[in-house]
Amino acid sequence: MKNILNIALWELKQKFSKRAYLYVTVITPLILIFLVKFTTGGVSERSVSPVTLGLINTESSFINSFRSLSFNFGTYNNPQPDIIPVNLGNVSVSNKISFIDSIMGKSGVDYILFKDENSYELISRYFRRPSLISKIEMFTSLASVNENSLINFSGNKIRISTLDLNTGSEYSTVDFIKNTVTIYLLPIIFIFVVVFAGNSFIRGFAQERQGRIIEILLSSCSRNQLFYGKILGLLLVTVVHIFIWWAVAKLFLENNFSLLTTSPALGGLFFTLGFLLYTALFIGLSGLITTENEAQHISSNLSLLLVVPLVFSTHVIASPQSLLSQILSYFPLTSPPVMLIKIQLEAVSINELIISGAILLVSCLVLIKLAVKYFNNGLENLPNT
Amino acid sequence: MLLSVNNISKSFGSKKALVNITFSALSGKITGLLGPNGAGKTTLIRIILGIIPPDSGNITNSDIKTFRRYELGYVPEEHALYEKSKVFDNLIYFAELKGLSKQEASLRVLPWLEKLELTEYKNSYIETLSKGNRQKVQLIASLLHDPRIIIWDEPFSGLDPLAREKVIKIMREEAERGKIFIVSTHQLDSADNFCDSIVLLHKGKLLLSDSLENAGKMLNDNYLEVSTDAPPQFFVEFSGCKIISQNVDSYKIAIDSTFDKKKFIAELNRNYDIKNIATGKSTIKEIFFHSLELS
């Protein structure tokens, strides 16, 4: 255990003892913060357009109450209503979520308010949800109907109180940071740290092999100690790295920043499992590598794998329950960033969490076992001079 | 204390890297693991260190059946150090892996740095050091935890003659403290200066394993050094002898069982001047080639 810790701490020291490395770690989030903070003024213009609200209920009372209100509580200067209610009919569906999701995908409806007997369900295109909540809040306050259950539902499930909306449905910079940047941020950080840690390990290990440091290490500790020491080291480097970024963001974005706004434990779990999965993959493959050039080639190719979930992230945000989103949430190589998005959106059911988490955990254990094997095989074929 | 290498064999695919290697290394003695490139020295060292397992055979220590890793001190052929880290940090890290506490390791580092004239480089980055100084750092790293078994692979690489003498002195001191000291090199010429016993390998096979004294004696019985004005033709024509080397008016000749020493001296004396005839003192290189011929 002591050797595992020694190796891990050495990996940490190797990274953070270099001034250039430390500077880059601090400066990068500063540049990103500058870009987000001072360039998102234009974001508000993007959302100055009517949004559609689909209304579905199995009774007629709720929709009637909407109709009776004439829905005139918000207009733009042109003068266009800022929200357009669409009656999606009096339907009864067995699978609400997938039904609503398909409507939203096909019809371009932004928000759907679903009422079934006495319960309400709010479905939205997630990145715009705060605006809808504000509208629903306005509606329920303006309407003469008593919609306490709706208010309760919204209040419990969605953060209304922290919203800072401008007029109409425009987003402020603060909204943008909270609702868009935050959703993308954690998956992007995940991808970054995995690529960074994987590349840095695979190249460092190739150097250790080429320079035969690996022989000194193996004459001092067992292969398993070396393997787990390296994994722990990468985890420590990542934690410190994220902590620095988080601290810088907190300092410069004050209270408008949070890495995980919802379910930090779940987000942390998927982040850690995903990190272990990819790290094991990188370490296992390092057994096949003998030179730095090979290391660069393999790590670049592996990094491409991580771009896949990012490519689909817009789709996942817009339609978190679509078939593609589901597949991406269950496939172990894409599930960590996809689940991080879904957890942020609160667009994930308990079943999905359990299944995705279980698949990820099992894959992680299997991959670590395989990685140990390939890592060990690689150590059999050390270079000779 | 004794380190026994028993019937070690190792193959990589169809290539036999080591075939049935058996020898013992005694404490208090410097054992030279010698052979040309590709002889199997590094593979054998890796097996002794426990880095790779043998296909068959085992390594035992007379004190304990399986020796522990912290009892080993190892210097590989390359300069196996973290280039971007400082000398002191490298040494402490390797010592900690060998079981020393940071405080203990720190205390031991300074005297060694002083001994090898590296004190001023304590806080230098490895990448800024000369080749010789890097090698010295490596040697220190292998000794810092006071191991009972020391294995050095090409320890003189990059060292100037002065540093080389200093390192040989350290080897002697460590051996005299009862350590098992194995030194591997393909430079057979230099091994005469420090080896007490030799293990000669060639193409994965053991040619010879004995004390240098015994190996030399065995060989010296089969060699003569002759100083004479006789032409080489004389030795070619005389039955049972062969010229090994020639130097102006002196010859080193190998003799076999058909060689008649009395007749040789008489015939040489009759026709030429004999300045000196003596039993040869063989170098490790000669022992190696002789063993190779025998095998």
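The values are calculated or read from the model by the stated rules, or taken from the named source; none is laboratory data. Values in this document were obtained by computation on a predicted structure and should not be read as measured data. Glycine also receives a Cβ, built like all others from the backbone with ideal geometry; neighbour counts cover every protein chain displayed.
Being among the aliphatic types (A, V, I, L, M) and either within 20 Å of the chain's Cα centre (by Cα) or at pLDDT below 85 (or both) narrows it down to one of B:L49, B:L91, B:L81, so name that one.
The conditions single out B:L49.
Identify the single condition in (1) surrounded by 19 or more Cβ atoms within 10 Å (Cβ to Cβ); (2) under 33 Å from the mean Cα position of the chain (by Cα) that A:I244 does not satisfy, given that it satisfies every other one.
Evaluating A:I244 over (1) surrounded by 19 or more Cβ atoms within 10 Å (Cβ to Cβ); (2) under 33 Å from the mean Cα position of the chain (by Cα) leaves (1) as the failure.
Kindly list, by first and then second residue, each pair from a residue in region A:7-26 that is closer than 14 Å to A:L235 by Cα and more than 11 Å from chain B (Cβ to nearest Cβ) to a residue that is charged (D, E, K, R) and part of a helix (DSSP H, G or I), limited to pairs with Cβ atoms under 8 Å and residues at least 6 apart or on different chains.
So the pair list comes out as A:A8/A:K230.
Taking interchain pairs and intrachain pairs at least six residues apart, which have beta carbon atoms under 6 angstrom, with the first residue in region B:183-208 and modelled with pLDDT under 80 and the second aromatic (F, W, Y) and crowded, with 18+ Cβ neighbours inside 10 Å?
Taking only residues 6 or more apart or on different chains, the pairs are B:L188/B:F288.
Among the helices (runs of 4 or more DSSP H) contained in region A:168-255, which hold 2 or more residues that are modelled with pLDDT of 80 or more, more than 12 Å from chain B (Cβ to nearest Cβ) and out of contact with any helix residue (DSSP H, G or I) (no Cβ under 6 Å at 6 or more places or on another chain)?
Output list reads A:182-210, A:223-253.
Can you find even one residue in region A:323-337 that is over 28 Å from A:I183 (Cα atoms) and more than 14 Å from the chain's Cα centre (by Cα)?
no
Among the residues of region A:306-352, write down those that are in contact (Cβ under 8 Å) with a residue 60 or more places away in the chain, among the small types (G, A, S) and in a helix (DSSP H, G or I).
A:S313, A:A318, A:S335, listed by residue number.
Kindly indicate the residue of region B:58-76 that is more than 14 Å from chain A (Cβ to nearest Cβ) and in contact with a Leu (Cβ under 7 Å, 6 or more places away or on another chain) and also modelled with the lowest pLDDT among those meeting that condition.
B:S62
Just to be sure I understand the filter: pairs with C-beta atoms under 6 Å, separated by 6 or more residues or on different chains, first member in region B:9-35 and on the phi > 0 side of the Ramachandran plot, second member of a type in the set (S, T, Y) and part of a strand (DSSP E or B). Which pairs pass?
Correct list of pairs: B:N20/B:S9.
Looking at A:L323, is it surrounded by fewer than 15 Cβ atoms within 10 Å (Cβ to Cβ) and under 23 Å from A:Y184 (Cα atoms)? Can you show your working first?
On the way: surrounded by fewer than 15 Cβ atoms within 10 Å (Cβ to Cβ): yes; under 23 Å from A:Y184 (Cα atoms): yes.
Criteria met by A:L323.
Give the residues of region B:32-57 that are away from every other protein chain (no Cβ under 13 Å) and out of contact with any Cys (no Cβ under 7 Å at 6 or more places or on another chain), sorted by residue number.
B:L33, B:L34, B:G35, B:P36, B:S56, B:G57
Against the definition (of a type in the set (A, V, I, L, M), buried (at least 16 other Cβ atoms within 10 Å of the Cβ) and closer than 30 Å to B:K15 by Cα), how does B:L208 come out, yes or no? Before you say what the answer is, go through the steps one by one.
Values: of a type in the set (A, V, I, L, M): yes; buried (at least 16 other Cβ atoms within 10 Å of the Cβ): yes; closer than 30 Å to B:K15 by Cα: yes.
Against the criterion (of a type in the set (A, V, I, L, M), buried (at least 16 other Cβ atoms within 10 Å of the Cβ) and closer than 30 Å to B:K15 by Cα), B:L208 qualifies.
Name the pairs whose Cβ atoms lie under 6 Å apart, with the first residue in region B:128-156 and farther than 14 Å from B:K115 by Cβ, the second part of a helix (DSSP H, G or I) and charged (D, E, K, R), and 6 or more positions between them or separate chains?
Correct list of pairs: B:P147/B:E71; B:R148/B:E71; B:I149/B:E71; B:F156/B:R164.
Only one of B:E117, B:E127 is at positive phi and either at pLDDT 90 or above or of a type in the set (D, E, K, R) (or both); which?
On the way: B:E127 fails: at positive phi.
Criteria check complete, one pass: B:E117.
Residues that are within 28 Å of A:W10 (Cβ to Cβ): which strands (runs of 3 or more DSSP E) entirely in region B:13-113 hold 3 or more of them?
Output list reads B:72-75.
Looking at region B:91-132, which of its residues are out of contact with any helix residue (DSSP H, G or I) (no Cβ under 6 Å at 6 or more places or on another chain), polar (S, T, N, Q) and more than 14 Å from chain A (Cβ to nearest Cβ)?
Of everything in region B:91-132, those that are out of contact with any helix residue (DSSP H, G or I) (no Cβ under 6 Å at 6 or more places or on another chain), polar (S, T, N, Q) and more than 14 Å from chain A (Cβ to nearest Cβ) turn out to be B:Q103, B:S106, B:T128, B:S130.
Looking at A:Q344, A:Q296, which is the one that is closer than 29 Å to B:F12 by Cα and modelled with pLDDT under 85?
Sole residue among the options that is closer than 29 Å to B:F12 by Cα and modelled with pLDDT under 85: A:Q296.
Anything in region B:126-149 that is of a type in the set (S, T, N, Q) and outside any helix (DSSP H, G or I)? List them, or say none.
B:S130 - this is the single residue of region B:126-149 that is of a type in the set (S, T, N, Q) and outside any helix (DSSP H, G or I).
Return yes or no: is B:W152 modelled with pLDDT of 90 or more, of a type in the set (F, W, Y) and outside any helix (DSSP H, G or I)?
Yes.
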